[in-house]
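Read the structure below first, then the notes.
Just so you know, all these numbers are worked out from the coordinates, no wet-lab data involved. Because the structure is predicted, anything quoted here is derived from the model rather than measured. A quick note on method: Cβ atoms are made from the backbone with ideal geometry, for glycine too, and the neighbour counts reach across all protein chains shown.
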Amino acid sequence: MKLNVRWSCLLCLVLIGIAIEGVQCKVVQFIFGDSLSDVGNNMYLSKSLAQANLPFYGIDFGNGLPNGRFTNGRTVADIIGDSTGLPRPPAFLDPSLTEDVILESGVNYASGGGGILNQTGGYFIQKFSLWKQIELFRGTKELITNKLGKQATDKFIGEANFVVALGSNDFINNYLMPVYGDSWKYNDQTFVQYLMETLQNQLLVLHNLGARKLMVFGLGPMGCIPLQRVLSTTGQCQERANKLAISFNKAASQLLAGLDSRLPNASFKFGDAYDVVDNVIRNPKNYGFDNADSPCCSFGRIRPALTCLPASTLCSDRSKYVFWDEYHPSDGANQLIANELIKKFGFLGGGNSSAAVPAPESAIAPSPDGE
């Protein structure tokens with residue numbers, strides 16, 4: 001069964017819903033990830049140093065207030081979900097989350113600073129690793145089972161869309177930092193192998209818990225994020241980090257292809273937008289951007305500014321910047337990434353989502369103190 005057919009069926013189910021023992025259940029998303037997908041979990045982790053809970057995060061989303069997303073607008077998962085008609089799942093730690101909300105919208109477990117490995121991002125103090133996120137999902141399934149029963153829950157979980165989007169922190173906030181033991185315990189090749197072995201075990205656990213429609217997002221050119229540039233001696237992209245991202249994507253693609261071929265009744269797929277993002281960074285004006293090497297939100301010449309704060313200075317036009325802060329893409333860049341992944345995964349026949357998903361209403365800085 002090809003992916004297009006499977007996801008066409010999924011989209012039909014989104015429209016008609018699934019009647020489960022008197023409860024109208026939609027096809028929903030369960031999202032596992034890091035700060036690129038976090039929609040508020042870290043806001044409720046009081047000791048976490050990885051936060052997006054202050055202005056100007058979220059300035060182009062909804063009411064413009066911080067909402068836990070590490071960007072000015074939408075995440076890639078937001079955009080893909082909108083494009084495929086799936087509801088946006090709330091953060092697992094959102095106090096309003098209930099069984100009925102889960103049945104209606106799913107859950108987002110993503111956590112800023114999280115990685116495939118438990119030790120990744122340890123200096124952030126609090127974050128959910130992928131293993132922890134899977135543990136939380138196990139609890140979610142038990143909660144739904146208590147409400148619906150095993151058979152109905154298995155059907156609900158089996159029709160859900162699972163997204164796994166982690167890996168960059170395992171390099172940037174682990175392997176490439178000498179304070180972590182992994183940096184001297186492994187070399188580039190063996191560390192990627194270690195990640196793949198761990199990721200395979202995690203995906204098999206998700207399959208055992210009922211995941212049947214699962215997508216893994218690959219890595220972009222992480223050596224070109226503003227933080228990596230400013231830490232280099234030349235201000236250019238750090239090619240070692242980029243090569244590691246390419247190696248990760250190649251290995252993950254092979255891993256998912258193997259799982260997809262041998263796991264029963266499952267569609268496990270991999271997609272990345274590395275080439276598109278790399279081209280955007282190297283030729284930003286071809287895509288409507290003016291800046292692809294520095295963050296829109298910064299402390300001016302004081303670099304690196306590891307987060308965006310009320311005292312930060314915003315660029316004059318946020319729609320012209322590829323990067324929002326030192327780590328994370330802007331809403332506009334996320335739209336391009338999402339468009340590419342939609343094509344890779346075959347959603348909506350590979351159509352362009354930009355017509356269906358509106359961009360932020362305003363990307364102009366609210367005050368004249370920009371660049």
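At a glance:
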| item | result |
| --- | --- |
| Rg/Rg_globular for the range 25-345, with Rg_globular taken as 2.2 N^0.38 Å and Rg from C-alpha atoms | 0.95 |
| Contour minus Cα-Cα distance for VAL179 and ASN208 (0.36 nm per residue) | 6.9 nm |
| Calculated [θ] (222 nm, deg cm²/dmol) that DSSP helices of n ≥ 4 give over the chain, each run adding -39,500 (n - 2.57) | -11500 deg cm²/dmol |
| Compactness relative to 2.2 N^0.38 Å, alpha carbon Rg of the range 134-194 | 1.74 |
| At R0 = 41 Å, FRET efficiency that the Cβ-Cβ distance of SER253 and GLU135 yields, to 0.05 | 0.95 |
| Residue range of the chain that is longest and free of trypsin sites (Lys or Arg not before Pro) which are both DSSP loop and sparsely packed (at most 11 other C-beta within 10 Å) | 48-300 |
| Distance in nm between pseudo-label sites at LEU54 and LYS147 (7 Å out along the Cβ direction from Cα) | 3.6 nm |
| Mean-position separation - Cα centroids, the range 270-286 and the range 183-202, in angstrom | 26 Å |
| Nonlocal amide H pairs with LYS213, under 5 Å, H built at 1.01 Å | PHE162, SER267 |
| Antiparallel bridge percentage (DSSP; both residues within the range 136-293; nearest 5) | 0 percent |
| Nitroxide proxy distance, nm - points 7 Å out along Cα→Cβ at GLN119 and SER96 | 4.1 nm |
